[in-house]
Amino acid sequence: MPDRGGGPTGPRIRVGRPSRRVRTLLTTLGVLAGLAMLFVMFAGFWTDWLWYRSVHYSSVFTTTLGTKIGLFAVFGLLMAVAVGTNIWLAHRLRPPLSAMSTEQQSLDRYRMSIAPYKKWVLLAVAALVGLVAGASAAGQWRTWLQWVNGVSFGQRDPQFHKDISFYTFDLPWYRFLLSFGFAAAVLSLIAAALVHYLYGGLRLTSPSGRATAAATGHLSVLLGLFVTLKAVAYWLDRYGLAVKSSGLKSTDGWTGLRYVDANAYLPAKTILFIIALICAVLFFATLWRRTWQLPVIGFGLMVLSAVLIGGLYPAIVQKFQVQPNEQAKEAPYIKKNITATRQAYGIDGVDVKDYSGKSDTGSDKDKLRAEADATASLRLLDPNIVSPAFQQEQQVRGYYQFPSTLDVDRYKANGKEQDTVVGLRELNIRGIPERNWINDHFKYTHGYGAITAKGTSTDSSGAPDFTEKKLPTEGMLGSYEQRVYYGEKTTQYSIVGGPQKELDYSSDQGEKSYSYQGKSGVSLSNPVNRAAYAVAFGEPQILYSGAIGDGSRILYNRTPKQRVESVAPWLTIDGDAYPAVVDGRIQWIVDAYTTSNGYPYASRTTLGDTTADSLTNGQRAVVAQQNQVNYIRNSVKATVDAYDGTVKLYQWDTKDPVLKTWMKAFPGTVKAKSQISSQLMDHLRYPQDLFKVQRELLSRYHVTNPGTFYTGSERWEVPDDPTTKSGNAVPPYYLSMKMPDQREQAFSLTTTFTPKGRPNLGAFMAVDANAKSRDYGRIRILKLPSESTVWGPQQAQSKFNGDTAVANEINILKRGDSEVEYGNLLTVPLSGGLLYVEPVYVRGAGTNYPLLKKVLVNYGEKIAFKDTLAQALDEVFGGKAPDTTRPPSEGTTRPPSEGSANPTVKQAVKDAQDAFDAGQKALDKKDWAAYGKAQQDLKDALDRLAKAETAAEGGTKPGS
């Protein structure tokens, strides 16, 4: 053993191999560390599998995983074989090293160091490039599944006359194959060149010969393959022109061929394709000629051609042919772009009509006033403002919460459908009185109940007029499962169904306990599952906690959008999931889209930017698989059960080829449209994000004349929201209203446009949002004259704020540190003009929720600012609304007269009014027995009244 340290008299330190015990310990630790790493990887895979199996979408998991593994294996192996084979071949073709140059002698030490391990080096390099290539290929699983399962569109592009599916499904896969081929050729070329250089096949400084014949032949074949791939790229580039984005005056996101593309780039790509093929043949010919002269000349010609033909020639055509008369040259291509864009976004059937915008203030005032009531059910309860009022009035406990923006839906009251503001009382984990692991994940597990309020009215104080309230809730919704285990605010995991009881709800009678009865979630009775989730969630207590036992299930991935996105990863999810009570259950309704970025000639849009408005936040942002799209369809309506998390996907657009493609790839995941129940259909609506995408496109593509489109003279823009200071676009509003060509009100989604760069109103747009309507999805646009002086939203708000009477009233409302908040500025077309209605809320000092105190109304040049909508409309129109407070009599067309001299008539009228009032009070108290009695009394009084008036008109005595 060598001695170290000390001198002859110093201590000796023995240095040697570790003892057997130490080696055993180190080996054991290494094995345990490896097992731990493997288990961490296994835990992620296993918990994903368990979750997909729990929601009954295991086929999505297996298909996706199988596709990824297949692509990884195939393309990883192909890359490894390609690079490894060329390394092996270059080594096999090495020249003898008997007479080495000085340059080669300097490389000898590298060859000597590699020699004992050359097989392992070859395998390591091949494996490394194979892993990288396989991982890249696995990310193309969507592209592969679309190519394999692609369905025809039944439409052809106007340039190459190929089915649209070629561009959406085939071309992306061909481009991937091409990029993979380029990568394999380049890596093989680099690896082979290095090996040839290392073993003398290439010499950088040799004056006699710089490459052996074998090296020359090998590298020339690889270069020939590279140039061949370049030829294929030129050919595919021809078709790529149909989906290429480029700039055009007055047009953002322009896609498709222009004049210079069709007349310069297209022939140039064809010529370059032929040149590249010739160049490739010259490289392959080097196998026999053993000289680089012709291939180098050919390659130089190809590069020069690419510069001259592919770059300079199109620039000359653009400069000297297009620019002098661009509008005329581009007109045919603009027409193709307009047609394709309108088809791709589903706006080709838009009904655009001219609208005068002139207020009809000279007609019958009472008639106009009555028409205002008949045209729209003007929603005064702004779902974007009243959430604090819901919170104050219906939160009940601090561990509940409502979303900051509520939803608008439709429910029937007394047989009549009315706009209703809806919010779920979800769990607020930050409001738990005492935070700990048990409380956060075992005791406080769910919210409770849906709260609803009338959209068109408030109570006497200005607070929401609740139609479903209290805890547990009671009211118009009847009996339903009120527990909310899955919701927009429910982001933490919960463990339910085991030994630990949950808090169901707390009332005056004390806390109610509950144990989850649903089948959702993953069972934790298996110790392997518990260990996997302990690792996946980083919570070791899951492994050993006594609160987990037989029947325990873990719930996670609990937001509706998250669940739909997980079970259908090929869909783009709308930003606004909304709840509805359907068949005795709270169902989250989620709109989902199929999209593509490869529709020829259709202009692209950015979903994130297009769908953003003054209300968009992280919770309501669209969940996009691809942000840049030029094709979109609302192909799927999805539901998520708020109690058991069940996810159902329904085919909504039965013609969409993109959805049909995904349904082939994932059979059995999407249910037929016919399976949508009638009750669910009542609550389906036209989605906001699709509407926002369409309105952005229609700001330009409402124009179908190429010349007008080119000049941009009729371009619109979406105005900023005048009720906020965010500077973002005004959101679209759900509203029951009728357009001038409609006979009755329809649940609609509406928005306004202003001319580009101008504040006045340019157009009003509405889509029929009622899923049961025959006109569902029909977009109507009322286009105002370009010289119109109708106020736009910003102008209307400015006029409101600048009106002296309004300003004085606002100042009065602001006294005592009160805050004034403006609600949604609703716009409704009425008798040739536009009616603006805006609720005004006041948040009093010391309170944290707003109350409706005033209503602003504008029609023409008239402004009213009153306590109620009826008063404001009366003032603006100078007429009175029809008196609907008195109960109508059956079989008569005129109201009874209290001024009649007949005492029997007087008594009957009084009794009818008393019965009506009693019925209203009973209705407010939800006293259905009293309400039924009042209705019977009302009928009796009306019968006596009808007999009395008939007798009076016939000259007989009442009662005879």
With the structure loaded, tell me whether residue 396 is part of a strand (DSSP E or B) and either surrounded by 20 or more Cβ atoms within 10 Å (Cβ to Cβ) or not acidic (Asp, Glu) (or both) or whether it fails that test. no
Answer from 294, 304, 287, 272 - the residue that is part of a helix (DSSP H, G or I), of a type outside the set (Val, Ile, Thr), in contact (Cβ under 8 Å) with a residue 24 or more places away in the chain and surrounded by fewer than 19 Cβ atoms within 10 Å (Cβ to Cβ): 287
Region 506-554, subset part of a strand (DSSP E or B) and touching a residue at least 12 places away in the same chain (Cβ under 8 Å), residue surrounded by the most Cβ atoms within 10 Å (Cβ to Cβ): 554
Residue match in region 435-453 (condition: of a type in the set (Val, Ile, Thr), within 19 Å of residue 514 (Cα to Cα) and surrounded by fewer than 23 Cβ atoms within 10 Å (Cβ to Cβ)): yes
Only one of (1) modelled with pLDDT under 85; (2) crowded, with 21+ Cβ neighbours inside 10 Å is not met by residue 234, so which one is it? (1)
Scan region 48-60 and report the pairs whose first residue is within 19 Å of residue 142 (Cβ to Cβ) and assigned to a helix (DSSP H, G or I) and whose second residue is modelled with pLDDT under 95 and not hydroxyl-bearing (Ser, Thr, Tyr), with Cβ atoms within less than 6 Å and a gap of 6+ or a chain change. none
Out of (1) modelled with pLDDT of 90 or more; (2) more than 26 Å from residue 603 (Cα to Cα), what's the single condition that is false for residue 291? (1)
Anything in region 472-492 that is aromatic (Phe, Trp, Tyr) and either at pLDDT below 95 or within 17 Å of residue 407 (Cβ to Cβ) (or both)? List them, or say none. 480, 486
Residue tally, condition touching a Phe, Trp or Tyr at 6+ places or on another chain (Cβ under 7 Å) and within 22 Å of residue 465 (Cα to Cα), over region 828-842: 2
Can you tell me which residues in region 473-500 are exposed (fewer than 15 other Cβ atoms within 10 Å of the Cβ), assigned to a loop (DSSP other than H, G, I, E, B) and not polar (S, T, N, Q)? 478, 499
Taking the conditions exactly as written (among the aliphatic types (A, V, I, L, M), without any contact (Cβ under 8 Å) to a residue 24 or more places away in the chain and surrounded by 16 or more Cβ atoms within 10 Å (Cβ to Cβ)), does residue 427 satisfy them or not? no
Just the residues that are assigned to a strand (DSSP E or B) and at pLDDT below 90, please, taken from region 837-855. 843
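Can you name every residue in region 555-579 that is assigned to a strand (DSSP E or B) and in contact with a Lys or Arg (Cβ under 9 Å, 6 or more places away or on another chain)? Outline the logic, then answer.
Here is the first cut: in region 555-579, the ones assigned to a strand (DSSP E or B) are 555, 572-573, 578-579.
Matches in region 555-579: 573, 578.
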Give the residues of region 781-812 that are farther than 30 Å from residue 698 by Cα and either surrounded by fewer than 17 Cβ atoms within 10 Å (Cβ to Cβ) or in contact (Cβ under 8 Å) with a residue 60 or more places away in the chain (or both), sorted by residue number. 801, 802, 803, 804, 805, 807, 808, 811, 812
Among the candidates 752, 708, 724, single out the residue that is closer than 17 Å to residue 824 by Cβ and either surrounded by fewer than 18 Cβ atoms within 10 Å (Cβ to Cβ) or without any contact (Cβ under 8 Å) to a residue 40 or more places away in the chain (or both). 724
Within region 156-186, can you find the residues that are among the polar types (S, T, N, Q) and out of contact with any strand residue (DSSP E or B) (no Cβ under 7 Å at 6 or more places or on another chain)? 159, 165, 179
Return the residues of region 308-366 that are surrounded by 16 or more Cβ atoms within 10 Å (Cβ to Cβ), among the charged types (D, E, K, R) and not in a helix (DSSP H, G or I); say none if nothing qualifies. 358, 360
Residues of region 828-854 satisfying the condition of being within 21 Å of residue 795 (Cα to Cα) and more than 34 Å from the chain's Cα centre (by Cα): 831, 832, 833, 854
Filter region 69-108 for residues that are at pLDDT 90 or above and polar (S, T, N, Q); which is farthest from residue 189 (Cα to Cα)? 85
Out of 288, 254, 292, which single residue is within 38 Å of the chain's Cα centre (by Cα) and among the hydrophobic types (A, V, I, L, M, F, W, C)? 254
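The values are calculated or read from the model by the stated rules, or taken from the named source; none is laboratory data. Note that the structure is predicted; figures quoted are calculated from it, not measured. No Cβ is skipped: glycine too gets one built from the backbone with ideal geometry, and neighbour counts run over all protein chains shown.
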